[in-house]
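Below you'll find the structure, written out as structure tokens, and then a few comments.
A short reminder: the numbers here are calculations on the coordinates, not readings from a lab. These numbers come from a predicted model, not from an experiment. Backbone-built Cβ (ideal geometry, glycine too); neighbour counts: all protein chains shown.
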Amino acid sequence: MSNRHFSSIDGVYDFVLGFVNVEKGQATEFKLDRMHWMAAQLGNPHLGRLTVHVAGSKGKGSVATLIAKTLESSGLRTGLYTSPHILSWKERITESGIEMADELLLKAAEEVYSLVEGRTQEDFPGNELPTFFELTTLIGFCAFRLAGFEAQVIEVGLGGRLDSTNIVSPNVCVITPIELEHTQFLGSTIPLIAAEKAGIIKRSVPVCTIQPKTEAFRVISKKAEDIGAPCLLVGRDISLSDIKINIHGTCCRLSATDTTPSSLLRLMRGASIEISAPLVGSIYAGNMAVSALALSQLDIELNTEHMLQGFSSSSMPARFEIVSHSPFVVLDGAHTPESIRTNLSTFLELSKAPRILLFGCAHDKKHDEIAKIISPYFDEIIITRPGTFKQSEPAIVFNSFQKQMSDSIISDRYLIEDTNSAIAKALSDAREKNASLLVTGSFYLCAEFKKSRLCSE
């Protein structure tokens with residue numbers, strides 16, 4: 001097999017993008033045997049370091065970031081693997097959210113390229129070529145090994161049980177709130193989806209979770225009980241109160257309960273502690289709480305200052321990201337009804353009228369339900385494509401919004417299929433009307449917005 005020398009990260013991205021990509025709506029059969037085989041050929045780069053594995057429907061990226069930043073604060077060089085990316089593929093593979101050197105990522109990519117180059121689908125277990133996400137995950141593991149990282153925090157891409165990341169041997173697992181998402185892959189009910197997420201739980205390895213839905217927690221706790229994994233729950237093993245949100249972030253209070261583990265009591269320096277992060281929204285209070293639970297289960301030198309510093313230095317692109325104050329502009333990649341409802345509540349609390357919505361989503365999202373939730377609160381609504389990466393049908397989405405708005409609601413409505421033109425219209429109107437602007441429905445729409453602003457500034 002030949003070796004390839006990549007000259008740029010764009011070249012790496014083009015290489016992995018040439019394979020089946022579920023993020024783009026392409027189908028594949030989910031299996032782990034191919035990942036196990038490829039990792040073994042590369043010397044199992046996913047093993048040999050402290051590992052935190054994070055699954056869930058909502059908040060897993062921020063939880064992964066909160067934990068990684070805290071581990072870094074404790075003195076452990078920590079790799080962070082997340083998805084999707086917003087502006088650059090490099091965002092997926094970082095040192096606690098900080099971009100790694102191109103040279104190192106290129107070397108990791110060359111290791112993976114040498115494994116797949118010249119092979120046909122018959123050369124791989126299952127007689128299928130690897131996918132975009134599998135190759136990206138392997139590059140991440142190889143990069144973490146090359147960098148000599150002592151710890152890694154790995155965010156699941158899709159589901160959990162059969163996700164490409166589920167070859168790791170974690171020291172602790174985290175499952176964030178479960179929503180109806182990716183139903184074509186994971187199942188059509190909360191219990192079915194929860195079962196897929198619970199597939200990351202390993203024997204004797206603590207699993208920490210926050211689950212507003214009782215039916216989801218039943219599935220997770222039953223799986224943990226069946227395989228002998230301690231299960232810790234926000235709301236039972238730690239209580240959450242005094243949640244405060246402003247444009248600078250979220251703060252809350254953690255308080256001990258009768259079942260709070262002693263390791264968390266030590267991390268809290270007693271029965272109660274106030275924590276904060278520059279992440280805007282009530283969901284982040286719960287994410288900080290479950291992150292604290294998970295951190296307390298790791299057998300490392302970790303103290304209160306490490307946690308407070310890690311949380312306070314955490315940020316996430318396109319997760320209620322305030323990119324301008326005049327006009328007030330928020331980017332949020334929410335694309336499920338529940339996520340939209342949560343982030344809309346925060347936006348209404350922090351913004352002022354008039355309000356403009358720029359919305360675009362992939363064709364398979366529940367745009368009828370989303371339109372019903374969000375339409376009544378905006379004075380102007382612009383529907384567009386979420387970029388070109390995802391298949392979309394903006395005219396159908398526009399009709400969904402039209403149907404949900406009664407004649408009594410005075411609102412300007414626009415269908416502008418060209419994404420850049422829609423962004424320009426939204427920004428121009430926000431400035432002219434001194435209006436608040438929410439850009440949501442897709443991470444890819446947020447990415448296009450950021451690209452346009454970067455080009456214009």
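Please work out how much length the chain gains when fully extended from residue 432 to residue 242, using 0.36 nm per residue of separation minus the C-alpha to C-alpha distance, in nm with one decimal. Write down the numbers at each step before the final one.
Numbers: separation 190, 0.36 × 190 = 68.40 nm, distance 3.75 nm.
Going from the current span to full extension adds 64.6 nm.
Please check which bits of the stretch 336-356 a label hung off residue 325 would reach, taking the label as a point 7 Å along Cα-to-C-beta and the cut-off as backbone N under 18 Å.
347, 349-353, by backbone N distance to the label point.
Could you put 306, 325 in order, starting from the residue whose Cβ has the fewest other Cβ atoms within 10 Å?
On the way: 306 21, 325 8.
Listed from fewest to most nearby Cβ atoms, that is 325, 306.
Mind checking the full-extension length gain between residue 227 and residue 411? Use 0.36 nm per residue of separation minus the Cα-Cα distance, one decimal, nm.
Numbers: separation 184, 0.36 × 184 = 66.24 nm, distance 5.47 nm.
Length difference between fully extended and current span is 60.8 nm.
Under unit Cβ charges (Lys, Arg +1; Asp, Glu -1), what dipole magnitude, rounded to 20 debye, does the stretch 1-135 have relative to its Cα centre?
In debye, rounded to 20, the stretch 1-135 gives about 520.
Go ahead and run the numbers for FRET between residue 269 and residue 120, Cβ-Cβ distance against an R0 of 60 Å, rounding to 0.05. Walk me through the numbers on the way to the answer.
Details: r = 58 Å, r/R0 = 0.97.
The pair residue 269/residue 120 has a calculated efficiency of 0.55.
Would you mind checking 222/365; 58/202; 197/403; 90/433; 69/223 for any pair whose Cα atoms are more than 25 angstrom apart?
Values: 222/365 30 Å; 58/202 21 Å; 197/403 35 Å; 90/433 37 Å; 69/223 29 Å.
Check vs 25 Å cut-off fails for 222/365; 197/403; 90/433; 69/223.
Considering the dipole of the stretch 321-456 built from charges on the beta carbon (Lys and Arg +1, Asp and Glu -1) around the Cα centre, which of 394, 427, 360 is farthest to its positive end?
Result: 427.
Can you list the HN-Hα couplings for the stretch 100-113, worked out from phi with the Karplus curve (6.51, -1.76, 1.60; θ = phi - 60°), rounded to whole Hz and with x for Gly and Pro?
For the stretch 100-113, the Karplus-derived couplings read 8, 5, 4, 4, 5, 5, 5, 5, 5, 5, 5, 4, 5, 4 Hz, x marking Gly and Pro.
Starting with the fewest neighbours, write out 336, 209 ranked by other beta-carbon atoms found within 10 Å of each beta-carbon. Show your work: numbers first, answer last.
Details: 336 19, 209 30.
Exposure proxy ranking, most exposed first: 336, 209.
Determine, for 202, 352, the number of other Cβ atoms within 10 Å of each Cβ, and report the residues in order from fewest to most.
Values: 202 20, 352 10.
Arranged by neighbour count, lowest to highest, 202, 352 become 352, 202.
What percent do you get for the relative contact order of the chain when only Cα pairs under 8 Å and 6+ apart count? Numbers along the way, then the final one.
On the way: 935 pairs, mean separation 67.6, N = 457.
Result for the chain is 15 percent.
Taking only DSSP H segments of four or more residues, each worth -39500 (n - 2.57), what value at 222 nm results for the chain once the sum is divided by all its residues, to the nearest 500 deg cm²/dmol?
Numbers: 16 runs with 181 residues, N = 457.
Mean residue ellipticity at 222 nm (helix-derived): -12000 deg cm²/dmol.
What FRET efficiency do you get for residue 305 and residue 169 if R0 is 35 Å and r is their Cβ-Cβ distance, rounded to the nearest 0.05? The partial results should precede the final answer.
Details: r = 29 Å, r/R0 = 0.83.
Once the sixth-power term is evaluated, E becomes 0.75.
Based on alpha-carbon centroids, what's the gap between the stretch 342-402 and the stretch 239-290 in Å, whole number please?
Value for the Cα centre distance between the two parts: 31 Å.
Just to be sure I understand: if I project the alpha-carbon convex hull of the chain onto a plane and average over all orientations, what area do I get in nm²? Before the final figure, lay out the partial values.
Working: hull surface 84.9 nm².
Computed as one quarter of the Cα hull surface, the answer is 21.2 nm².
If the only charges are +1 at each Lys and Arg Cβ and -1 at each Asp and Glu Cβ, what is the size of the charge dipole of the chain around the Cα centre, to the nearest 20 debye? Show your work: numbers first, answer last.
On the way: 44 positive and 52 negative charges, 159 e Å.
I would put it at about 760 debye.
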